[in-house]
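A quick write-up on the structure given underneath.
The values are calculated or read from the model by the stated rules, or taken from the named source; none is laboratory data. Model, not experiment: these values are computed from the prediction. As a convention, Cβ positions derive from the backbone with ideal geometry for all residues, glycine included, and neighbour counts pool all protein chains shown.
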Amino acid sequence: MKSLTKVKRIIIVFLVIGIIVSCVGTKYQGNSILIQIEFDALKFQIENKIINLETISDEEYIKIALKISEHIVKKDGPKSENEHYFRNNFSRGPDTLSEMVEIIKNNENNIFGWKLLPPGKSIYHMYGIDGEYNLKFISNDGHFEVVYNKNGEKLTKDNDPLNMGTFNYSSEENYDDHLGYDILPYFKWNNTRETKEIASKTDMDPKEIGENDDAMKRYKEYKELLNQI
């Protein structure tokens, strides 16, 4: 053990704690300390790529994301901006709008069950120039989101953190939890520390797609193309 580096020792400690808590978790579900420890252990493994979200299968990716969601629910929501921003790790989705269309139309590898959302449910992803052209897709379970801009590019924390799709700790179908675990934290911390700073200094309003006939026409064309109601 003496030959192990400090980082490796920390990793082993977290892994052991995670295993122990997983074994006794059912018995101590009401214990907030153990729930927090288990959440932190899993978060640590993801942030340090012990669990590499970029290389695992969609099935395993979804399983891990929903496990994180389960912990957040048990914790009654994220307790810090760091825990809120942690959801940005779960942004998997087709890189382009054309790829998304093919997946939905052909129903190939559509493990997430992607569907196009109406503009009224995409309003907070329509900031900035041409923001009203953005198209938002959500997974069948309501947890995963992907947003594409006018050029069909997937929006991420690297190219447009203000409008990017975000992982929902609670499904949109459960509005009370979604409000407490996703919407209110968003209004408090925004999507990233960068956008939080922008929002605090700027009186921002999302674009209204109804005021742009061309943007509305684009949405309707994609809706028809995907045969979604």
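Can you confirm whether Ser91 is surrounded by 12 or more Cβ atoms within 10 Å (Cβ to Cβ), outside any helix (DSSP H, G or I) and either modelled with pLDDT under 95 or of a type in the set (S, T, N, Q) (or both)? Yes, satisfied. Flag not set for Gly120, criterion: at pLDDT 95 or above, over 14 Å from Ser91 (Cβ atoms) and surrounded by fewer than 21 Cβ atoms within 10 Å (Cβ to Cβ). Do we find that Ser139 is of a type in the set (Ser, Thr, Tyr), within 16 Å of Gly93 (Cβ to Cβ) and buried (at least 18 other Cβ atoms within 10 Å of the Cβ) in this structure? Yes. The residue list Ile35, Ile68 contains one member that is buried (at least 18 other Cβ atoms within 10 Å of the Cβ), among the β-branched types (Val, Ile, Thr) and closer than 22 Å to Tyr175 by Cα, which is Ile68. If the condition is being more than 25 Å from His178 (Cα to Cα) and part of a loop (DSSP other than H, G, I, E, B), then the range 100-127 contributes Asn107, Glu108, Asn109.
A quick yes/no check of all residues on (1) of a type in the set (A, V, I, L, M, F, W, C); (2) in contact with a helix residue (DSSP H, G or I) (Cβ under 7 Å, 6 or more places away or on another chain); (3) under 19 Å from Lys223 (Cα atoms):
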position: Ser57; (1), (2), (3): no, no, no
position: Glu83; (1), (2), (3): no, no, no
position: Ile111; (1), (2), (3): yes, yes, no
position: Ile123; (1), (2), (3): yes, no, yes
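In the range 142-172, the residue that is surrounded by the most Cβ atoms within 10 Å (Cβ to Cβ) out of those that are part of a loop (DSSP other than H, G, I, E, B) and charged (D, E, K, R) is Asp160. One residue stands out among those in the range 175-225 that are basic (Lys, Arg) and at pLDDT below 80: the one that is surrounded by the most Cβ atoms within 10 Å (Cβ to Cβ), which is Lys207.
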